[in-house]
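Report on one structure; see the data block that follows.
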Amino acid sequence: MKFGVCSFSGHAIHRGKGRILVRPNGATFLLSKKKCRSHLQMGMNPKKISWTLASRIIRKKAVAFKSSSVTVPKVAKSVRAFVGLSLSDLKSKMESSTGEAPAKSGSVRFTKRDKIRSIAKK
């Protein structure tokens, strides 16, 4: 039965063990033992102390977070015919449309440079 995690060392604290340290600014720390409390009060960095979990993560001796990957089955795509249109007709239309480039309309398209030039002329 895991109750919490030590704020300094990162180790598990079981129910009924450990202490909660409350600072005057309202910050609370759940600490597993007196060793952790004294190190925290002295302002020591847990990353620089070899027995803490933060130090082990930096030295790549421990994994930071265990992630479980969920495998999702891939859905197979199927091309179906529409009502009133056979599958062979649909495939032939799809093949013919992919080969052609979409025709641009006859409207004038300005680029950003053209807009700046037209504003500068005014």
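Since every read-out is calculated from the coordinates, none of them should be taken as a lab result. Since the model is a prediction, treat every value here as computed from it, not as a measurement. Because the Cβ atoms are built from the backbone with ideal geometry, glycine has one as well, and the counts that use them run over all protein chains shown.
Quick notes on this one:
- Reach of residue 77 by Cα under 19 Å, taken over lysines that are not fewer than 8 positions away in the same chain: 91, 93
- Stretching residue 77 away from residue 12 to a fully extended chain increases their span by 18.7 nm, per 0.36 nm per residue minus the current alpha-carbon distance.
- Amide hydrogen neighbours beyond the local backbone of residue 5, cut-off 5 Å, H modeled: 13
- The chymotrypsin sites (Phe, Trp or Tyr not before Pro) of segment 1-71 that DSSP puts in a loop, and whose beta carbon has at most 16 other beta carbons within 10 Å, are 51, 65.
- FRET efficiency for the residue 22 to residue 47 pair, using the beta carbon distance and R₀ = 25 Å, is estimated at 0.60.
- The ranking of 42, 94 from fewest to most other beta carbons within 10 Å of each one's beta carbon is 42, 94.
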